[in-house]
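The values are calculated or read from the model by the stated rules, or taken from the named source; none is laboratory data. Only a predicted model underlies this, so the values are computations on that prediction, with no experimental measurement involved. Note: ideal-geometry Cβ built from the backbone for every residue, glycine included; neighbour counts use all protein chains shown.
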Amino acid sequence: MLKLDRRSFLATTAGLSFLSVLPRVAHADGHADTLRVAIAGETGDLDLLQNVSTLSSYSAVFDALIHYGPGGALEPGLATAWTIAEDGLSISFDLREGVSFTDGTPFDATAAEWNLKRWMGVADFSWIGIADNYDNITIDAPNKITVKLKRPVPAALLELTIVRPVRFLSPKAAAGQPIGTGPWIVESYSSTETVLVRNDAYWGEKPAFGRMELKVVPDELARANALRAGELDVIGGDWVAALSPRRAKALEGEGMTIVAEPGTATTILGFSPKSPMMQDKAVRDAIFMGIDRAAVATVLFEGYADPTADIFPTTVPTAGARTPVPARDVAAAQAALTAGGWTGDASGWAKDGAALEIAFLVSEESFPGSRRIAEMIQGMLMEVGVKTNIETVDNATMHERRPNFDYDLTFFATYGAPYDPHGSLGASFVTASDTGPDGKIYVHPDLDALVATALETGGDSRQGAMQAVYDWLRDNTAACPLVVTQRLWAVNPRVKGFTLPATDYDLPFKGITLG
Amino acid sequence: MKNWPWAILAPALLFVLIGLFAPWIMTHDPASQDYSALLKGPSGAHWLGTDYLGRDMFSRIIGGARTSLVAMAFVLVAALAIGVVIGSFAGYVGGKTELVLISVIDIALALPSLVIALALMGVFSGENFSWMSDYWKMIVALTLAWWANYARMSRAVVVAELQQPYIEAARVMGASHIWIFTRHILPHVLGLVVVYASADAGALVLAIATLSFLGLGVAPPTPEWGQMLVDGMSYIEENPALVIIPGLALTAVVVSFNLLGEAFALQKVPRAVRGRFLARKKAARAAEDAARKEVEA
């Protein structure tokens with residue numbers, strides 16, 4: 001019979017504990033040169049012309065002519081210099097010399113022309129100004145090209161920094177082969193993981209580690225738990241694998257490093273331009289004044305959001321003059337309704353026999369966390385006397401109803417860097433634009449004219465033209481900006497030198513070393 | 001063991017009582033937000049603590065009971081009425097009409113009720129139904145998903161009863177179809193489906209919570225247990241009570257109704273309760289005996 005005294009019990013326990021630690025030690029050793037990053041959806045084959053792969057992984061593999069730097073600064077990418085003609089109708093690029101795609105194909109004017117012609121002048125990409133106004137390309141020298149345009153496109157250089165389809169693919173790449181000039185090479189991809197290895201021939205600053213594993217973890221709590229368990233090194237980024245403010249707070253208390261920086265996308269409450277109720281400016285004013293933006297930022301975003309009354313934050317170029325964030329004012333909101341011909345009080349309002357009752361369309365699938373924000377706003381508006389009925393719908397229904405303006409109130413978000421301000425303005429505030437299922441924040445004939453002018457105005461006049469749009473939106477209470485959510489990432493302590501990528505459409509790896 | 005059926009009844013009975021008297025039991029307005037008391041634990045001011053918007057959890061649980069009770073009652077009564085009418089009609093009329101109706105019932109039974117309800121909610125979420133509130137969409141969807149079982153049972157009872165000699169006797173004596181159906185057959189049908197409905201109530205409470213959990217049921221700020229569960233999920237790490245409390249309430253009610261139904265089926269319910277539910281059945285049996293004696297005489 002086995003006799004177990006205290007000493008042997010302790011020795012056995014200690015031995016078992018050591019054995020249980022071994023796999024983790026081996027696991028960590030096996031990943032010493034590997035950064036493991038969570039991604040919410042699979043990368044697929046990173047097709048640059050199809051909307052099937054997650055946007056965040058392209059920039060690791062493919063370069064653009066111009067890269068989006070901190071604060072919207074334009075940085076040389078595959079183009080070392082560029083010149084815009086005085087009339088704005090042509091842009092010349094000096095291409096970086098000595099660069100090759102990872103299959104050995106040289107990057108030169110011919111390769112650049114082949115790439116640009118895949119999307120410039122193509123109807124599917126008419127949402128990009130430079131593609132819509134494309135005329136032709138000339139090869140001026142083996143490493144110099146000129147893109148000629150039918151009309152000036154002031155945001156052309158910013159448009160060349162976006163992820164898809166503007167990045168450069170090897171002309172010799174077979175279908176489904178993601179071969180670029182970027183710092184990483186795709187070793188393999190599957191529905192659960194994409195493995196990248198360092199491109200040792202990269203023209204720019206090479207990553208300090210040799211391998212990056214992009215783990216597909218769709219659930220946010222599972223991502224956080226994987227970070228805690230040491231199975232992931234980095235989670236976060238709205239377009240990579242979003243981290244909720246609540247989770248960030250919890251992880252911060254557990255020794256993880258939380259990196260939060262001012263965001264570039266604004267969460268906006270949109271008023272339907274087809275809703276008779278919402279066409280009453282008094283109602284829009286009452287809603288605008290009846291919401292406590294600071295409380296939304298504190299209560300639901302744990303302080304990882306900044307209240308705003310502007311369409312774009314200052315982290316976006318030409319975002320315009322700042323509007324002071326209004327404090328919530330129930331009395332002023334009620335006064336606005338009274339001035340607009342409504343009668344009533346905190347128990348409800350009516351005008352011409354119609355009660356003030358608003359349909360608030362919400363989809364958790366389209367915008368995670370939106371129902372809780374809607375509930376909070378519902379409570380705030382209830383104190384004004386504005387009754388809101390929250391309709392929670394699935395993604396498909398949201399995509400059906402939003403383009404038809406079949407709602408009174410609903411949530412929108414601007415695209416953020418590097419797409420803004422021209423991207424959101426040209427799409428979400430223009431009657432004729434095709435935004436598909438995303439719908440539009442607000443449209444009006446007067447606004448169409450102002451946005452068209454702003455998007456076509458370059459040089460020193462651009463800021464003034466953009467400001468005219470912002471002023472119109474503010475004076476007409478055409479939309480109700482709420483908060484700018486901060487860019488949130490959580491990092492395992494073994495990751496050193498973590499800095500946020502330039503946009504949330506990029507993966508973090510620059511400057512990172514692994515401990 | 002002798003008294004265990006009463007213990008089974010307790011949570012279900014409590015649920016019904018709380019649902020009925022919720023406005024007098026709630027200590028706070030369940031929709032009232034207090035940003036100075038977010039995610040607080042139990043205290044004298046808030047017996048079960050507060051949620052992420054500072055709303056009183058106790059009042060929301062009580063309010064949630066009322067929401068579930070009212071929705072459950074609407075669906076049960078409507079589904080039972082539709083099921084009994086269609087099933088009885090099919091069984092009584094027979095022939096091709098019965099064949100068609102039975103086929104419809106079989107198709108409805110071929111799919112899980114919740115799947116049908118989800119599909120219907122999807123249909124109702126379209127533009128054509130935007131005049132209906134989410135609450136009524138849910139009631140209608142669940143009713144249309146729930147009636148088929150009652151129809152099948154009703155039809156089976158009607159067909160069985162029609163074979164009985166006393167029905168033949170009543171016909172011979174010139175009783176009308178309506179007389180025969182309402183006096184001799186309907187009590188049997190109701191006796192069975194009401195007992196079945198008592199067990200079904202738990203499943204229905206769960207279905208209501210499931211739809212709300214998926215964001216398709218009761219709209220905020222009305223408190224509802226399924227919605228409280230899904231909202232609490234985001235806070236499960238730091239405040240698991242937001243999930244545990246509505247989860248426990250839901251579990252207790254569902255288990256209680258299921259055991260109650262089982263007890264009815266096994267005739268283990270207390271005499272007083274059983275007698276009340278089965279009184280109609282006894283009266284019907286007495287009427288049949290009287291009719292039979294009349295024929296024999």
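Quick one: how many residues across segment A:174-200 are assigned to a loop (DSSP other than H, G, I, E, B) and free of Cβ contacts under 8 Å to residues at least 40 places away in the same chain?
Residues in segment A:174-200 being assigned to a loop (DSSP other than H, G, I, E, B) and free of Cβ contacts under 8 Å to residues at least 40 places away in the same chain: 3 in total.
Among the numbered conditions (1) in a helix (DSSP H, G or I); (2) surrounded by fewer than 19 Cβ atoms within 10 Å (Cβ to Cβ), the only one that B:Arg152 does not meet is (2).
It is to be established whether one or more residues within segment A:207-225 are in contact with a helix residue (DSSP H, G or I) (Cβ under 8 Å, 6 or more places away or on another chain), under 30 Å from A:Leu425 (Cβ atoms), modelled with pLDDT under 95 and not in a loop (DSSP other than H, G, I, E, B). Step through it out loud before you land on a result.
Filtering segment A:207-225 down to residues in contact with a helix residue (DSSP H, G or I) (Cβ under 8 Å, 6 or more places away or on another chain) leaves A:212, A:214-215, A:217, A:220-221, A:224.
Filter once more, so that each one left must be under 30 Å from A:Leu425 (Cβ atoms): none.
No, every residue in segment A:207-225 fails to be in contact with a helix residue (DSSP H, G or I) (Cβ under 8 Å, 6 or more places away or on another chain), under 30 Å from A:Leu425 (Cβ atoms), modelled with pLDDT under 95 and not in a loop (DSSP other than H, G, I, E, B).
Note on segment A:49-63: residues that are more than 18 Å from the chain's Cα centre (by Cα) and buried (at least 17 other Cβ atoms within 10 Å of the Cβ) amount to 3. If the condition is being within 11 Å of chain B (Cβ to nearest Cβ) and at pLDDT 90 or above, then segment A:388-399 contributes A:Thr388, A:Asn389, A:Ile390, A:Met398.
Cβ-Cβ contacts under 8 Å between residues 6 or more apart (or on different chains), taken from a first residue in segment A:233-256 that is among the hydroxyl-bearing types (Ser, Thr, Tyr) to a second residue that is not in a strand (DSSP E or B), are listed as A:Ser244/A:Glu220; A:Ser244/A:Pro368; A:Ser244/A:Gly369; A:Ser244/B:Ser234.
Please go through segment B:155-184 and give me each residue that is assigned to a helix (DSSP H, G or I), of a type in the set (S, T, N, Q) and surrounded by 15 or more Cβ atoms within 10 Å (Cβ to Cβ), ordered by number. Walk me through how you get there before you give the answer.
First, the residues of segment B:155-184 that are assigned to a helix (DSSP H, G or I): B:155-162, B:165-172, B:177-184.
Then keep just the ones that are of a type in the set (S, T, N, Q); that gives B:182.
The answer is none; no residue qualifies.
Screening B:Gly54 on (1) over 24 Å from B:Phe15 (Cα atoms); (2) touching a residue at least 60 places away in the same chain (Cβ under 8 Å); (3) within 14 Å of chain A (Cβ to nearest Cβ) shows it passes everything except condition (2). Remark: pairs (first residue in segment B:235-263, within 14 Å of chain A (Cβ to nearest Cβ); second residue of a type in the set (A, V, I, L, M) and surrounded by 21 or more Cβ atoms within 10 Å (Cβ to Cβ); Cβ separation under 8 Å; 6+ apart in sequence or on different chains) = B:Tyr235/B:Leu242; B:Ile236/B:Leu242; B:Leu242/B:Met57; B:Leu242/B:Met228; B:Val243/B:Leu229.
Residues in segment B:27-44 that are more than 14 Å from chain A (Cβ to nearest Cβ) and in contact with a His (Cβ under 9 Å, 6 or more places away or on another chain): B:Thr27 only. Regarding segment A:80-88, can at least one residue be identified that is hydrophobic (A, V, I, L, M, F, W, C), at pLDDT below 90 and in a loop (DSSP other than H, G, I, E, B)? Checked against the condition, which is being hydrophobic (A, V, I, L, M, F, W, C), at pLDDT below 90 and in a loop (DSSP other than H, G, I, E, B), segment A:80-88 yields no hits at all. Scanning segment A:127-145 finds one or more residues that are surrounded by 15 or more Cβ atoms within 10 Å (Cβ to Cβ), touching a His at 6+ places or on another chain (Cβ under 9 Å), in contact (Cβ under 8 Å) with a residue 24 or more places away in the chain and assigned by TED's automatic domain parsing to the domain that holds A:Gly77.
Filtering segment A:345-365 to residues that are within 12 Å of A:Lys387 (Cβ to Cβ) and within 10 Å of chain B (Cβ to nearest Cβ) leaves A:Ala359, A:Phe360. Pairing residues of segment B:3-23 that are over 14 Å from B:Ile61 (Cβ atoms) with residues that are in a helix (DSSP H, G or I) and at pLDDT 70 or above, at Cβ distances under 6 Å and at least 6 apart in sequence or on separate chains, gives B:Pro5/B:Ala263; B:Ile8/B:Leu259; B:Ile8/B:Leu260; B:Ile8/B:Ala263; B:Ala12/B:Ser256; B:Ala12/B:Phe257; B:Ala12/B:Leu260. Given the condition within 22 Å of A:Ala297 (Cα to Cα) and among the charged types (D, E, K, R), answer yes or no: does some residue in segment A:344-360 qualify? No - not one qualifying residue is present in segment A:344-360. All of A:Ala297, A:Ala321, A:Ala332 fail the test of being part of a helix (DSSP H, G or I), more than 13 Å from A:Thr266 (Cβ to Cβ) and at pLDDT 95 or above, apart from A:Ala332.
Selection of segment A:271-299 for residues being in contact with a Lys or Arg (Cβ under 6 Å, 6 or more places away or on another chain) and among the hydroxyl-bearing types (Ser, Thr, Tyr) yields an empty set. Taking the options A:Leu251, A:Leu269, A:Leu232, name whichever one is aliphatic (A, V, I, L, M) and closer than 16 Å to A:Ala40 by Cα. Being aliphatic (A, V, I, L, M) and closer than 16 Å to A:Ala40 by Cα holds for just one of A:Leu251, A:Leu269, A:Leu232, which is A:Leu232.
Identify, please: which residue in segment A:55-79 is of a type in the set (A, V, I, L, M, F, W, C) and in a strand (DSSP E or B) and is, among those, nearest to A:Ser100 (Cα to Cα)?
Of segment A:55-79, the ones of a type in the set (A, V, I, L, M, F, W, C) are A:55, A:60-62, A:64-66, A:73-74, A:78-79.
Now restrict to residues that are in a strand (DSSP E or B): A:66, A:74, A:79.
On the way: A:Ile66: 17, A:Leu74: 22, A:Ala79: 13 Å.
Per the stated criteria, the residue is A:Ala79.
Screening B:Met228 against (1) within 12 Å of chain A (Cβ to nearest Cβ); (2) farther than 23 Å from B:Ala117 by Cβ; (3) part of a helix (DSSP H, G or I); (4) of a type in the set (A, V, I, L, M, F, W, C) leaves a single unmet condition, (2).
Criterion applied to A:Phe429, A:Phe412, A:Phe367 was being under 25 Å from B:Gln227 (Cβ atoms) and at pLDDT 95 or above, and the one residue passing it is A:Phe412.
Can you find a residue that is more than 14 Å from chain B (Cβ to nearest Cβ), touching a residue at least 12 places away in the same chain (Cβ under 8 Å) and charged (D, E, K, R) anywhere in segment A:367-387? The answer is no; no qualifying residue exists. As a summary of the residue check, A:Thr338 satisfies the conditions (1) surrounded by fewer than 20 Cβ atoms within 10 Å (Cβ to Cβ); (2) in a loop (DSSP other than H, G, I, E, B) except for the one numbered (2). Considering the conditions (1) assigned to a loop (DSSP other than H, G, I, E, B); (2) of a type outside the set (Gly, Ala, Ser); (3) under 26 Å from the mean Cα position of the chain (by Cα), A:Arg151 is excluded by exactly one of them, (3).
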